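Each value in this text was obtained by applying a stated rule to the coordinates, not by laboratory testing. Since we're looking at a predicted model, the values are computed, not measured. Positions of Cβ are backbone-derived with ideal geometry, glycine not excepted, and every protein chain shown enters the neighbour counts.
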Amino acid sequence: MSHSPMMADVQPPPLRSLDDFILGSARFAVPDFRNFERLNNRIINNLLYYQSNYFLSVIIFLALVGYVQPVQLFLGATVVTLAFLGFVWAAENQASVRRFRRTHPSLSLSAILGASYLFLTVLGGVAVFLFGIAFPILLVLIHASVRLRSLKNKLENKLESIGLKRTPMGILLEALGQEQEAGS
């Protein structure tokens, strides 16, 4: 049985402790929105460092929503996945989309979620989409924006940046055109 070379090396980092993630030792601060490069750096590095915690949080939230509205959640997840894959395909095959993705990562994510929202409006699954998919993504981005990086976070990100494309978040960030930012 052969494995895809890209997926064979994928190794998610360990779950970070609750104390480090949101409790006692966690430090939070409102980001400086005037320094977009620094904010982007903080978000990307927190996404890499806490990716297992974020993944688990999103899965728990999706399980709760899926329990209440399974068909609508499946439909919403399918639409978002197709929109994301379409965006990645367009970015890989169109230089103008690739430049936009690299220079405007927040707008790129907003475009994917917005296109998904519009399509789901037509299908009637808006509430499930907003609470089941967009809300957990929003919570992850808020945490990644306001969580200050500790020395351990910075050191681990430097070590993980060597093998960036071997983590699920590294692959996702690469697909969004942000791999060059990680580890800084």
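Computed from label points 7 Å out along Cα-Cβ, the spacing between L148 and S17 is 1.9 nm. Counting only the Cα atoms, the range 1-118 fills a convex hull of 184 Å³ per residue.
In this simple spin-label model, placing a label point 7 Å from the Cα along the Cα-to-Cβ direction at both R27 and Q69 gives a separation of 4.0 nm. Annotation: peptides 9-22, 67-80, ranked by per-residue average of other Cβ atoms within 10 Å with the highest first, follow the order 67-80, 9-22.
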